(Lines give C-alpha, C1' and ligand atoms only; values in the text may rest on other atoms or scores of the structure.)
Protein backbone atom coordinates (compact mmCIF):
# COMPACT_ATOMS: atom_id res chain seq x y z
CA UNK A 1 0.00 0.00 0.00
CA UNK A 2 1.44 3.45 -0.92
CA UNK A 3 2.55 5.66 1.96
CA UNK A 4 0.40 8.57 3.05
CA UNK A 5 2.49 11.73 3.26
CA UNK A 6 2.13 14.92 5.28
CA UNK A 7 4.17 18.06 4.63
CA UNK A 8 4.55 20.57 7.48
CA UNK A 9 5.79 24.15 7.09
CA UNK A 10 5.75 27.14 9.45
CA UNK A 11 3.68 29.78 7.65
CA UNK A 12 2.20 30.30 4.22
CA UNK A 13 1.57 33.96 3.38
CA UNK A 14 2.00 36.15 0.27
CA UNK A 15 5.03 37.78 1.91
CA UNK A 16 6.76 34.45 2.53
CA UNK A 17 8.52 33.82 -0.78
CA UNK A 18 12.01 32.71 0.27
CA UNK A 19 14.01 29.56 -0.18
CA UNK A 20 11.97 27.52 2.29
CA UNK A 21 8.81 28.24 0.30
CA UNK A 22 10.57 27.12 -2.89
CA UNK A 23 11.36 23.83 -1.18
CA UNK A 24 7.72 23.34 -0.18
CA UNK A 25 6.57 24.05 -3.73
CA UNK A 26 9.07 21.65 -5.27
CA UNK A 27 8.23 18.85 -2.85
CA UNK A 28 4.53 19.21 -3.69
CA UNK A 29 5.40 18.99 -7.39
CA UNK A 30 6.66 15.44 -6.81
CA UNK A 31 4.93 14.08 -3.69
CA UNK A 32 1.19 13.94 -3.07
CA UNK A 33 1.13 15.22 0.50
CA UNK A 34 -1.44 16.79 2.81
CA UNK A 35 -0.12 20.26 3.71
CA UNK A 36 -0.03 21.61 7.28
CA UNK A 37 1.10 25.00 8.60
CA UNK A 38 0.82 27.28 11.62
CA UNK A 39 -1.08 29.77 9.46
CA UNK A 40 -2.21 29.82 5.84
CA UNK A 41 -3.20 32.84 3.79
CA UNK A 42 -2.14 31.38 0.45
CA UNK A 43 -5.00 28.96 -0.21
CA UNK A 44 -7.28 32.01 -0.39
CA UNK A 45 -4.87 33.95 -2.63
CA UNK A 46 -5.89 33.65 -6.33
CA UNK A 47 -2.31 34.40 -7.42
CA UNK A 48 -0.80 31.56 -5.38
CA UNK A 49 -0.03 28.04 -6.58
CA UNK A 50 -1.73 26.93 -3.34
CA UNK A 51 -5.03 28.63 -4.24
CA UNK A 52 -8.01 26.52 -3.10
CA UNK A 53 -5.72 23.80 -1.72
CA UNK A 54 -6.83 22.19 1.52
CA UNK A 55 -4.33 23.20 4.20
CA UNK A 56 -4.67 22.35 7.90
CA UNK A 57 -3.68 25.15 10.31
CA UNK A 58 -3.53 25.94 14.05
CA UNK A 59 -5.28 28.34 16.43
CA UNK A 60 -2.75 31.02 15.43
CA UNK A 61 -4.70 31.39 12.18
CA UNK A 62 -7.42 33.26 14.07
CA UNK A 63 -5.31 35.58 16.22
CA UNK A 64 -5.08 39.33 15.41
CA UNK A 65 -2.42 40.43 12.87
CA UNK A 66 -1.20 36.85 12.39
CA UNK A 67 -1.17 37.43 8.63
CA UNK A 68 1.37 40.23 9.03
CA UNK A 69 3.78 38.08 10.99
CA UNK A 70 3.05 35.12 13.23
CA UNK A 71 6.51 35.70 14.76
CA UNK A 72 4.73 38.21 17.01
CA UNK A 73 3.40 35.15 18.84
CA UNK A 74 6.84 33.56 19.18
CA UNK A 75 6.28 32.02 22.65
CA UNK A 76 3.15 30.26 21.33
CA UNK A 77 4.73 28.68 18.24
CA UNK A 78 5.89 25.43 19.92
CA UNK A 79 2.51 24.92 21.55
CA UNK A 80 0.72 25.60 18.27
CA UNK A 81 2.77 23.19 16.14
CA UNK A 82 2.16 20.40 18.68
CA UNK A 83 -1.60 20.73 18.19
CA UNK A 84 -1.47 19.41 14.62
CA UNK A 85 -2.80 15.84 14.49
CA UNK A 86 -0.87 13.89 11.84
CA UNK A 87 -1.62 10.35 13.02
CA UNK A 88 -3.31 9.40 9.73
CA UNK A 89 -0.03 9.72 7.80
CA UNK A 90 2.81 7.23 7.39
CA UNK A 91 5.58 9.68 6.47
CA UNK A 92 5.96 13.19 7.87
CA UNK A 93 8.02 15.61 5.78
CA UNK A 94 8.79 18.90 7.49
CA UNK A 95 10.29 22.05 6.01
CA UNK A 96 11.58 23.82 9.08
CA UNK A 97 13.33 27.08 9.94
CA UNK A 98 11.56 27.60 13.27
CA UNK A 99 9.20 25.01 14.76
CA UNK A 100 7.87 22.75 11.98
CA UNK A 101 10.17 19.92 13.04
CA UNK A 102 8.47 19.90 16.45
CA UNK A 103 5.26 18.17 15.36
CA UNK A 104 4.27 15.13 17.42
CA UNK A 105 4.61 11.71 15.80
CA UNK A 106 3.96 8.09 16.74
CA UNK A 107 6.59 5.32 16.92
CA UNK A 108 5.34 3.88 13.61
CA UNK A 109 5.69 7.13 11.66
CA UNK A 110 8.78 8.27 9.77
CA UNK A 111 9.77 11.95 10.15
CA UNK A 112 12.22 13.51 7.66
CA UNK A 113 13.05 17.16 8.30
CA UNK A 114 14.48 19.48 5.65
CA UNK A 115 16.10 22.03 7.97
CA UNK A 116 16.75 25.47 6.49
CA UNK A 117 18.18 26.63 9.81
CA UNK A 118 17.89 25.89 13.52
CA UNK A 119 15.52 28.48 15.00
CA UNK A 120 17.41 31.73 14.46
CA UNK A 121 15.47 33.67 17.09
CA UNK A 122 16.66 31.26 19.76
CA UNK A 123 20.23 30.76 18.56
CA UNK A 124 22.25 32.91 16.15
CA UNK A 125 20.08 36.04 16.24
CA UNK A 126 19.32 36.09 19.97
CA UNK A 127 21.36 39.20 20.75
CA UNK A 128 20.27 40.98 17.56
CA UNK A 129 16.67 40.25 18.50
CA UNK A 130 17.19 41.66 21.99
CA UNK A 131 19.04 44.74 20.75
CA UNK A 132 16.46 45.67 18.11
CA UNK A 133 13.31 44.67 19.99
CA UNK A 134 11.43 47.04 22.28
CA UNK A 135 11.28 44.07 24.64
CA UNK A 136 15.06 43.84 24.98
CA UNK A 137 15.53 46.07 28.05
CA UNK A 138 14.29 46.32 31.63
CA UNK A 139 11.96 43.75 33.13
CA UNK A 140 10.54 43.02 29.69
CA UNK A 141 14.09 42.23 28.56
CA UNK A 142 14.57 39.65 31.29
CA UNK A 143 11.24 38.05 30.42
CA UNK A 144 12.25 37.95 26.75
CA UNK A 145 15.56 36.31 27.68
CA UNK A 146 13.73 33.67 29.70
CA UNK A 147 11.34 32.95 26.83
CA UNK A 148 14.27 32.55 24.42
CA UNK A 149 15.99 30.26 26.94
CA UNK A 150 12.91 28.04 27.06
CA UNK A 151 12.64 28.10 23.26
CA UNK A 152 16.20 26.79 23.01
CA UNK A 153 15.34 23.97 25.39
CA UNK A 154 12.22 23.05 23.41
CA UNK A 155 14.15 23.31 20.14
CA UNK A 156 16.72 20.75 21.30
CA UNK A 157 14.10 18.39 22.74
CA UNK A 158 11.97 18.54 19.59
CA UNK A 159 14.99 17.64 17.44
CA UNK A 160 14.68 14.15 18.94
CA UNK A 161 11.32 13.79 17.18
CA UNK A 162 13.10 13.78 13.80
CA UNK A 163 14.33 10.50 12.33
CA UNK A 164 16.44 12.02 9.54
CA UNK A 165 17.69 15.57 9.04
CA UNK A 166 18.42 17.18 5.69
CA UNK A 167 20.43 20.43 5.66
CA UNK A 168 20.30 23.01 2.88
CA UNK A 169 24.10 23.43 3.00
CA UNK A 170 27.19 22.17 4.78
CA UNK A 171 27.08 25.39 6.80
CA UNK A 172 23.58 24.52 8.07
CA UNK A 173 24.65 20.91 8.71
CA UNK A 174 27.37 22.20 11.03
CA UNK A 175 24.81 24.40 12.84
CA UNK A 176 22.46 21.41 13.22
CA UNK A 177 25.29 19.45 14.79
CA UNK A 178 26.20 22.35 17.09
CA UNK A 179 22.60 22.87 18.30
CA UNK A 180 21.20 19.32 18.24
CA UNK A 181 24.22 16.99 17.96
CA UNK A 182 22.56 15.36 14.94
CA UNK A 183 24.05 14.50 11.55
CA UNK A 184 22.32 15.82 8.44
CA UNK A 185 22.32 14.88 4.77
CA UNK A 186 23.20 17.89 2.59
CA UNK A 187 20.76 18.60 -0.24
CA UNK A 188 20.89 22.08 -1.73
CA UNK A 189 17.53 23.84 -2.18
CA UNK A 190 15.97 24.25 -5.64
CA UNK A 191 16.82 27.40 -7.59
CA UNK A 192 14.92 28.40 -10.73
CA UNK A 193 18.16 28.72 -12.66
CA UNK A 194 16.55 28.14 -16.07
CA UNK A 195 14.18 31.09 -15.57
CA UNK A 196 16.98 33.63 -15.27
CA UNK A 197 18.17 35.19 -18.56
CA UNK A 198 21.81 34.78 -19.52
CA UNK A 199 23.74 37.85 -20.72
CA UNK A 200 27.43 37.82 -21.51
CA UNK A 201 27.62 41.59 -22.11
CA UNK A 202 27.28 43.55 -18.89
CA UNK A 203 26.49 47.19 -18.13
CA UNK A 204 28.47 49.48 -15.84
CA UNK A 205 26.61 49.09 -12.54
CA UNK A 206 26.44 46.74 -9.57
CA UNK A 207 23.27 45.31 -8.05
CA UNK A 208 22.08 43.77 -4.81
CA UNK A 209 18.71 42.09 -4.29
CA UNK A 210 17.73 41.53 -0.68
CA UNK A 211 15.23 42.06 2.09
CA UNK A 212 16.28 45.28 3.82
CA UNK A 213 16.78 43.88 7.31
CA UNK A 214 19.80 44.35 9.55
CA UNK A 215 21.48 40.95 9.18
CA UNK A 216 21.48 41.27 5.38
CA UNK A 217 24.04 44.08 5.82
CA UNK A 218 22.69 46.21 2.96
CA UNK A 219 23.61 49.32 4.97
CA UNK A 220 27.22 48.14 4.86
CA UNK A 221 27.04 47.82 1.06
CA UNK A 222 25.61 51.35 0.77
CA UNK A 223 28.36 52.86 2.93
CA UNK A 224 31.07 51.10 0.92
CA UNK A 225 29.63 52.24 -2.42
CA UNK A 226 29.24 55.77 -1.09
CA UNK A 227 33.03 55.80 -0.78
CA UNK A 228 33.64 53.90 -4.03
CA UNK A 229 31.40 56.33 -5.99
CA UNK A 230 30.40 53.47 -8.26
CA UNK A 231 26.82 52.95 -9.50
CA UNK A 232 24.79 50.55 -7.37
CA UNK A 233 21.16 49.42 -7.74
CA UNK A 234 19.32 48.15 -4.64
CA UNK A 235 16.18 46.04 -5.06
CA UNK A 236 14.13 45.06 -2.02
CA UNK A 237 12.03 46.35 0.84
CA UNK A 238 12.17 46.07 4.60
CA UNK A 239 12.48 47.93 7.90
CA UNK A 240 15.92 49.34 6.99
CA UNK A 241 14.55 51.13 3.91
CA UNK A 242 14.34 54.60 5.48
CA UNK A 243 17.83 54.33 6.95
CA UNK A 244 19.27 53.28 3.59
CA UNK A 245 17.50 56.07 1.70
CA UNK A 246 18.84 58.59 4.22
CA UNK A 247 22.52 57.64 3.86
CA UNK A 248 22.66 56.73 0.14
CA UNK A 249 24.63 59.06 -2.15
CA UNK A 250 23.43 59.93 -5.71
CA UNK A 251 25.42 57.05 -7.24
CA UNK A 252 23.05 54.61 -5.49
CA UNK A 253 19.60 53.92 -6.94
CA UNK A 254 17.05 52.39 -4.55
CA UNK A 255 14.21 50.74 -6.46
CA UNK A 256 12.33 49.07 -3.60
CA UNK A 257 10.12 46.14 -4.56
CA UNK A 258 10.26 45.13 -8.23
CA UNK A 259 8.40 42.45 -10.22
CA UNK A 260 10.33 39.31 -11.13
CA UNK A 261 10.98 40.42 -14.71
CA UNK A 262 12.70 43.61 -13.54
CA UNK A 263 14.74 41.75 -10.92
CA UNK A 264 15.98 39.33 -13.57
CA UNK A 265 16.77 42.17 -15.98
CA UNK A 266 18.94 43.99 -13.45
CA UNK A 267 20.63 40.78 -12.29
CA UNK A 268 21.50 39.80 -15.85
CA UNK A 269 22.72 43.26 -16.88
CA UNK A 270 24.83 44.08 -13.83
CA UNK A 271 28.60 44.05 -13.83
CA UNK A 272 28.55 42.26 -10.50
CA UNK A 273 26.15 41.09 -7.79
CA UNK A 274 27.00 42.28 -4.27
CA UNK A 275 25.98 40.29 -1.19
CA UNK A 276 27.14 40.98 2.37
CA UNK A 277 25.03 38.64 4.52
CA UNK A 278 26.09 35.40 6.14
CA UNK A 279 23.39 33.08 4.82
CA UNK A 280 22.71 29.41 5.37
CA UNK A 281 22.58 29.01 1.58
CA UNK A 282 21.93 32.25 -0.33
CA UNK A 283 19.65 31.64 -3.32
CA UNK A 284 20.19 35.13 -4.76
CA UNK A 285 23.88 34.39 -5.29
CA UNK A 286 23.00 31.35 -7.41
CA UNK A 287 20.37 33.30 -9.36
CA UNK A 288 22.95 35.97 -10.25
CA UNK A 289 25.43 33.36 -11.47
CA UNK A 290 22.66 31.76 -13.54
CA UNK A 291 22.53 35.11 -15.36
CA UNK A 292 26.27 34.91 -15.99
CA UNK A 293 26.83 37.68 -13.43
CA UNK A 294 29.80 37.19 -11.07
CA UNK A 295 29.34 37.74 -7.33
CA UNK A 296 31.12 39.80 -4.70
CA UNK A 297 30.13 38.01 -1.52
CA UNK A 298 30.97 37.87 2.15
CA UNK A 299 33.12 34.76 2.48
CA UNK A 300 31.12 32.87 5.10
CA UNK A 301 28.13 30.56 5.37
CA UNK A 302 26.54 29.08 2.27
CA UNK A 303 28.36 31.47 -0.06
CA UNK A 304 31.49 29.34 0.37
CA UNK A 305 29.55 26.50 -1.31
CA UNK A 306 27.84 28.48 -4.08
CA UNK A 307 30.55 30.93 -5.23
CA UNK A 308 34.02 30.06 -6.53
CA UNK A 309 36.62 32.74 -5.78
CA UNK A 310 38.57 33.54 -8.96
CA UNK A 311 41.76 34.01 -6.94
CA UNK A 312 41.55 30.34 -5.93
CA UNK A 313 39.82 28.72 -8.90
CA UNK A 314 41.30 30.72 -11.79
CA UNK A 315 39.38 30.37 -15.06
CA UNK A 316 36.48 28.60 -13.32
CA UNK A 317 36.00 31.38 -10.76
CA UNK A 318 32.51 32.88 -10.45
CA UNK A 319 33.18 35.72 -8.02
CA UNK A 320 35.29 37.16 -5.21
CA UNK A 321 34.97 36.91 -1.43
CA UNK A 322 35.58 39.61 1.15
CA UNK A 323 36.63 38.31 4.55
CA UNK A 324 35.10 40.80 7.00
CA UNK A 325 31.74 42.56 7.15
CA UNK A 326 33.41 45.96 7.04
CA UNK A 327 33.42 48.80 4.52
CA UNK A 328 37.19 48.50 4.02
CA UNK A 329 37.02 44.76 3.28
CA UNK A 330 34.17 45.18 0.78
CA UNK A 331 35.87 48.14 -0.92
CA UNK A 332 39.06 46.11 -1.33
CA UNK A 333 37.04 43.22 -2.83
CA UNK A 334 35.31 45.51 -5.36
CA UNK A 335 38.66 46.99 -6.42
CA UNK A 336 40.13 43.48 -6.82
CA UNK A 337 37.01 42.43 -8.72
CA UNK A 338 37.44 45.26 -11.21
CA UNK A 339 41.13 44.46 -11.68
CA UNK A 340 40.15 40.89 -12.64
CA UNK A 341 36.91 41.73 -14.46
CA UNK A 342 38.09 40.50 -17.85
CA UNK A 343 38.93 37.06 -16.47
CA UNK A 344 35.40 36.08 -15.44
CA UNK A 345 33.66 33.64 -17.76
CA UNK A 346 29.87 34.24 -17.79
CA UNK A 347 29.25 30.87 -19.44
CA UNK A 348 31.00 29.05 -16.62
CA UNK A 349 29.01 30.97 -14.00
CA UNK A 350 25.83 29.77 -15.70
CA UNK A 351 27.13 26.20 -15.80
CA UNK A 352 28.15 26.36 -12.13
CA UNK A 353 24.67 27.57 -11.12
CA UNK A 354 23.02 24.64 -12.89
CA UNK A 355 24.11 22.19 -10.17
CA UNK A 356 21.59 23.93 -7.86
CA UNK A 357 18.64 23.56 -10.23
CA UNK A 358 15.15 22.31 -9.36
CA UNK A 359 15.84 19.07 -11.22
CA UNK A 360 18.95 18.36 -9.13
CA UNK A 361 17.04 19.06 -5.92
CA UNK A 362 14.14 16.79 -6.89
CA UNK A 363 16.44 13.90 -7.77
CA UNK A 364 18.46 14.14 -4.56
CA UNK A 365 15.49 14.75 -2.27
CA UNK A 366 13.30 11.97 -3.65
CA UNK A 367 16.17 9.47 -3.59
CA UNK A 368 16.89 10.31 0.04
CA UNK A 369 13.23 10.04 1.08
CA UNK A 370 12.93 6.63 -0.60
CA UNK A 371 16.14 5.49 1.07
CA UNK A 372 14.83 6.56 4.47
CA UNK A 373 11.56 4.71 3.86
CA UNK A 374 13.43 1.53 2.95
CA UNK A 375 15.55 1.81 6.11
CA UNK A 376 12.45 2.38 8.19
CA UNK A 377 10.66 -0.62 6.70
CA UNK A 378 13.67 -2.86 7.38
CA UNK A 379 13.74 -1.65 10.99
CA UNK A 380 10.05 -2.56 11.39
CA UNK A 381 10.71 -6.07 10.08
CA UNK A 382 13.62 -6.58 12.50
CA UNK A 383 11.65 -5.38 15.50
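Has segment 337-354 got any residue that is under 30 Å from residue 120 (Cα atoms), crowded, with 24+ Cβ neighbours inside 10 Å, at pLDDT 95 or above and in contact with a helix residue (DSSP H, G or I) (Cβ under 9 Å, 6 or more places away or on another chain)?
Within segment 337-354, the subset under 30 Å from residue 120 (Cα atoms) is 352-354.
Narrowing further to those that are crowded, with 24+ Cβ neighbours inside 10 Å: 353.
Checking which are at pLDDT 95 or above leaves us with 353.
Narrowing further to those that are in contact with a helix residue (DSSP H, G or I) (Cβ under 9 Å, 6 or more places away or on another chain): 353.
Within segment 337-354, one or more residues are under 30 Å from residue 120 (Cα atoms), crowded, with 24+ Cβ neighbours inside 10 Å, at pLDDT 95 or above and in contact with a helix residue (DSSP H, G or I) (Cβ under 9 Å, 6 or more places away or on another chain).
Count, please, the residues in segment 170-216 that happen to be at pLDDT below 95, buried (at least 20 other Cβ atoms within 10 Å of the Cβ) and in a loop (DSSP other than H, G, I, E, B). Selection size over segment 170-216: 2. Picking from residues in segment 217-237 that are in a loop (DSSP other than H, G, I, E, B) and in contact with a strand residue (DSSP E or B) (Cβ under 9 Å, 6 or more places away or on another chain), the one that is nearest to residue 173 (Cα to Cα) is 217. Counting just the residues of segment 243-277 that are surrounded by 19 or more Cβ atoms within 10 Å (Cβ to Cβ) and more than 21 Å from residue 226 (Cα to Cα), which one comes out farthest from the chain's Cα centre (by Cα)? Filtering segment 243-277 for residues that are surrounded by 19 or more Cβ atoms within 10 Å (Cβ to Cβ) and more than 21 Å from residue 226 (Cα to Cα), the one farthest from the chain's Cα centre (by Cα) comes out as 268.
Pairs meeting the criteria (first residue in segment 50-63 and at positive phi, second residue modelled with pLDDT under 95 and surrounded by fewer than 15 Cβ atoms within 10 Å (Cβ to Cβ), beta carbons under 6 Å, at least 6 apart or on different chains) are lacking.
With respect to (1) surrounded by fewer than 24 Cβ atoms within 10 Å (Cβ to Cβ); (2) within 16 Å of residue 322 (Cβ to Cβ); (3) touching a helix residue (DSSP H, G or I) at 6+ places or on another chain (Cβ under 6 Å), the lone exception for residue 230 is condition (3).
Would a scan of segment 290-297 turn up a residue that is more than 18 Å from residue 204 (Cβ to Cβ), in contact (Cβ under 8 Å) with a residue 12 or more places away in the chain and out of contact with any strand residue (DSSP E or B) (no Cβ under 6 Å at 6 or more places or on another chain)?
Our first condition is that a residue be more than 18 Å from residue 204 (Cβ to Cβ); within segment 290-297, this holds for 290, 297.
Imposing the further condition that a residue be in contact (Cβ under 8 Å) with a residue 12 or more places away in the chain reduces the set to 290, 297.
Subset that is out of contact with any strand residue (DSSP E or B) (no Cβ under 6 Å at 6 or more places or on another chain): 290.
Scanning segment 290-297 turns up at least one residue that is more than 18 Å from residue 204 (Cβ to Cβ), in contact (Cβ under 8 Å) with a residue 12 or more places away in the chain and out of contact with any strand residue (DSSP E or B) (no Cβ under 6 Å at 6 or more places or on another chain).
Picking from residues in segment 17-40 that are in contact with a strand residue (DSSP E or B) (Cβ under 8 Å, 6 or more places away or on another chain) and assigned to a loop (DSSP other than H, G, I, E, B), the one that is farthest from residue 114 (Cα to Cα) is 32.
Just checking, which of 81, 31, 39, 27 is within 25 Å of residue 161 (Cα to Cα), touching a helix residue (DSSP H, G or I) at 6+ places or on another chain (Cβ under 8 Å) and surrounded by fewer than 20 Cβ atoms within 10 Å (Cβ to Cβ)? First the steps, then the outcome.
Values: 81 fails: surrounded by fewer than 20 Cβ atoms within 10 Å (Cβ to Cβ); 39 fails: surrounded by fewer than 20 Cβ atoms within 10 Å (Cβ to Cβ); 27 fails: surrounded by fewer than 20 Cβ atoms within 10 Å (Cβ to Cβ).
Result: 31 is the single residue among 81, 31, 39, 27 that is within 25 Å of residue 161 (Cα to Cα), touching a helix residue (DSSP H, G or I) at 6+ places or on another chain (Cβ under 8 Å) and surrounded by fewer than 20 Cβ atoms within 10 Å (Cβ to Cβ).
Looking at residue 86, is it assigned to a loop (DSSP other than H, G, I, E, B), modelled with pLDDT of 95 or more and over 27 Å from residue 149 (Cβ atoms)? Taking the combined requirement at face value, the residue satisfies it. Of the candidates 100, 167, 122, 140, the single residue that is buried (at least 21 other Cβ atoms within 10 Å of the Cβ) and at pLDDT below 95 is 122.
Go through the residues of segment 278-292 one by one and say whether even a single one is farther than 30 Å from residue 30 by Cα, at pLDDT below 95 and surrounded by 17 or more Cβ atoms within 10 Å (Cβ to Cβ). Within segment 278-292 (the criterion being farther than 30 Å from residue 30 by Cα, at pLDDT below 95 and surrounded by 17 or more Cβ atoms within 10 Å (Cβ to Cβ)), the answer is yes, since at least one residue qualifies.
Taken over segment 355-383, residues that are assigned to a helix (DSSP H, G or I) and surrounded by 18 or more Cβ atoms within 10 Å (Cβ to Cβ) amount to 7. Taken residue by residue, segment 310-323 has no member that is part of a helix (DSSP H, G or I), in contact (Cβ under 8 Å) with a residue 12 or more places away in the chain, touching a helix residue (DSSP H, G or I) at 6+ places or on another chain (Cβ under 9 Å) and closer than 21 Å to residue 234 by Cβ. Restrict the check to segment 307-316 and report whether at least one residue is buried (at least 24 other Cβ atoms within 10 Å of the Cβ) and within 23 Å of residue 329 (Cα to Cα). The answer is yes, given that some residue of segment 307-316 is buried (at least 24 other Cβ atoms within 10 Å of the Cβ) and within 23 Å of residue 329 (Cα to Cα).
What number goes with the only condition from (1) modelled with pLDDT under 95; (2) within 16 Å of the chain's Cα centre (by Cα) that residue 26 does not pass? Of (1) modelled with pLDDT under 95; (2) within 16 Å of the chain's Cα centre (by Cα), only one is false for residue 26: (1). Looking across segment 278-306, the residues that are part of a loop (DSSP other than H, G, I, E, B) and either outside the structural domain of residue 201 (by TED's automatic domain parsing) or within 19 Å of the chain's Cα centre (by Cα) (or both) come down to 278, 279, 280, 281, 282, 299, 300, 301, 302. Of all residues in segment 57-78, those being surrounded by fewer than 16 Cβ atoms within 10 Å (Cβ to Cβ), in contact with a strand residue (DSSP E or B) (Cβ under 9 Å, 6 or more places away or on another chain) and closer than 25 Å to residue 25 by Cβ number 3.
Residue-level check: of (1) in contact with a strand residue (DSSP E or B) (Cβ under 7 Å, 6 or more places away or on another chain); (2) farther than 30 Å from residue 287 by Cα; (3) part of a loop (DSSP other than H, G, I, E, B), residue 43 misses just (2).
The values are calculated or read from the model by the stated rules, or taken from the named source; none is laboratory data. Keep in mind that this is a model prediction, so the values were computed, not measured. Backbone-built Cβ (ideal geometry, glycine too); neighbour counts: all protein chains shown.
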